[in-house]
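Below: one structure, written as structure tokens.
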Amino acid sequence: MRPIRFAPTGHIIEGSGLFDSASGKLLRTGIGASSRTTWSVRVVTKMDKIPDSSTEPAWFMGYTGTGGSYVEALVIQPSGAIQFLFYNAGATGLLRTTQLFRDYSGYLDILAVCDTSNSTAGDRMRLYINGTRVTDFSATTNPSLNYNTFTGASSHNVSIGGGVAGYNGFIGDYLAHSSFIDGQALAPTSFGEVTDDGFWQINDASGLTFGTNGFLIEGGSAMSAGTDSSGNSNDYTKSGTITATKDSPTNNSDDEYGNYPTINPLEPKTANFTLSNG
């Protein structure tokens with residue numbers, strides 16, 4: 001998988017929010033209707049905690065009601081597989097990566113695209129990581145043509161970080177960027193580019209058209225407060241603990257933003273060894 005380039009110049013993401021894996025999430029409820037067939041969700045994250053074996057913490061979840069039964073979700077599984085899921089009393093759409101993501105030292109730029117009006121069944125759900133389309137999946141279900149997701153339904157809800165019935169785990173990750181593009185199925189080149197030396201470089205996304213229910217939450221202070229900078233004022237409500245940090249997928253030595261070292265949570269630990277804040 002192509003690594004992210006920690007460029008010293010260009011667009012700088014001013015830190016990230018560290019979700020506490022116990023209660024921290026961002027939530028917006030009762031959202032008005034918008035496109036139910038076409039949207040894009042993107043997260044830039046560095047994992048910090050192995051998910052509990054009984055949970056699938058969601059970086060993003062659109063749902064109706066109390067959640068769990070009618071959802072669209074982008075989750076990390078305990079195995080390390082990334083899953084993009086549409087669920088309506090069973091999987092109506094599913095992409096689950098064969099590759100397991102267990103590198104807790106690097107950032108991932110993940111783009112999940114819903115495009116159910118696409119005439120090609122295999123293109124109705126698309127997943128990109130660090131600018132590269134993922135094509136190797138351990139499980140795949142293509143949604144039906146023009147399938148209406150619950151994300152975009154009248155009075156739907158969106159959770160960033162999990163903590164919803166049916167997916168009641170909370171992420172324990174650094175989240176530097178979370179955005180939703182309402183009504184467009186975007187390519188990774190809307191968010192970044194491949195450098196001459198073969199790395200994935202994150203670019204400024206603030207100039208995109210986000211659509212009615214779209215949002216852009218980026219940087220430590222914005223993530224810890226749920227502040228939307230898309231121009232839509234679609235702010236989210238924080239609950240639990242989300243700590244603003246200077247850990248970032250982009251380097252800026254003047255302000256100390258950059259990818260800080262963390263202890264590998266996959267290493268054997270004694271009962272007296274508890275990881276906290278990376």
* Given (1) touching a His at 6+ places or on another chain (Cβ under 9 Å); (2) buried (at least 22 other Cβ atoms within 10 Å of the Cβ); (3) not in a strand (DSSP E or B), where does LEU216 come up short, assuming only one miss? -> (3)
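Can you give me the number of residues within the range 109-133 that are under 22 Å from PRO51 (Cα atoms) and open to solvent by 20 Å² or more (accessible area, probe 1.4 Å)?
So the count comes out to 1.
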* To do: Name the strands (runs of 3 or more DSSP E) wholly inside the range 121-162 in which the number of residues that are of a type outside the set (Val, Ile, Thr) and farther than 29 Å from ARG2 by Cβ is 1 or more.
  => 156-160
* Subset of the range 134-153 (residues that are within 26 Å of LEU27 (Cβ to Cβ) and open to solvent by less than 50 Å² (accessible area, probe 1.4 Å)) -> PRO143, TYR147, THR149, PHE150, THR151, GLY152, ALA153
* Based on what the data block shows, is PHE60 surrounded by 23 or more Cβ atoms within 10 Å (Cβ to Cβ) and without any contact (Cβ under 8 Å) to a residue 60 or more places away in the chain? -> no
* Asked: PHE170 is checked against (1) under 13 Å from LEU26 (Cα atoms); (2) open to solvent by 20 Å² or more (accessible area, probe 1.4 Å); (3) modelled with pLDDT of 95 or more; (4) not β-branched (Val, Ile, Thr) and fails just one. What number does that condition carry?
  -> (3)
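Each row is one residue, and each column tells you yes or no for (1) among the β-branched types (Val, Ile, Thr); (2) within 20 Å of ILE202 (Cα to Cα); (3) at pLDDT below 95.
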{"position": "ALA222", "(1), (2), (3)": "no, yes, no"}
{"position": "SER233", "(1), (2), (3)": "no, no, no"}
{"position": "TYR236", "(1), (2), (3)": "no, no, no"}
{"position": "PRO265", "(1), (2), (3)": "no, no, yes"}
* Matching residues in the range 63-105 - criterion: being within 15 Å of the chain's Cα centre (by Cα), touching a residue at least 40 places away in the same chain (Cβ under 8 Å) and not in a strand (DSSP E or B) -> ALA81, PHE101
* Structure fact -> ALA73 meets each of (1) in contact with a helix residue (DSSP H, G or I) (Cβ under 9 Å, 6 or more places away or on another chain); (2) surrounded by 21 or more Cβ atoms within 10 Å (Cβ to Cβ) with one exception, condition (1)
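Residues checked against (1) touching an Asp or Glu at 6+ places or on another chain (Cβ under 9 Å); (2) more than 30 Å from ASN252 (Cα to Cα):
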| position | (1), (2) |
| --- | --- |
| ILE13 | yes, no |
| SER23 | no, yes |
| GLY30 | no, yes |
| GLY67 | no, yes |
| PRO78 | yes, yes |
| TYR87 | yes, yes |
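When you check ASP254 against the structure, is it without any contact (Cβ under 8 Å) to a residue 12 or more places away in the chain and of a type outside the set (Lys, Arg), yes or no?
yes
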* Structure fact -> The number of residues in the range 163-173 that are farther than 12 Å from SER21 by Cβ and in a loop (DSSP other than H, G, I, E, B) is 2
* Structure fact -> Within the range 240-263, the count of residues that are open to solvent by 40 Å² or more (accessible area, probe 1.4 Å), modelled with pLDDT of 95 or more and hydroxyl-bearing (Ser, Thr, Tyr) comes to 2
* Determine which single condition SER35 fails, assuming it passes every other condition in (1) surrounded by fewer than 19 Cβ atoms within 10 Å (Cβ to Cβ); (2) modelled with pLDDT of 95 or more; (3) assigned to a loop (DSSP other than H, G, I, E, B). => (1)
* Asked: What tally of residues in the range 23-32 results from selecting those that are assigned to a loop (DSSP other than H, G, I, E, B) and in contact with a strand residue (DSSP E or B) (Cβ under 6 Å, 6 or more places away or on another chain)?
  -> 1
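The values are calculated or read from the model by the stated rules, or taken from the named source; none is laboratory data. Bear in mind the structure is a predicted one, so any value in this text is a computation, not a measurement. As a convention, Cβ positions derive from the backbone with ideal geometry for all residues, glycine included, and neighbour counts pool all protein chains shown. These area figures cover heavy atoms from the full protein model, side chains too; ligands, DNA and RNA do not enter into them. Shrake-Rupley method; radii C 1.70, N 1.55, O 1.52, S 1.80 Å.
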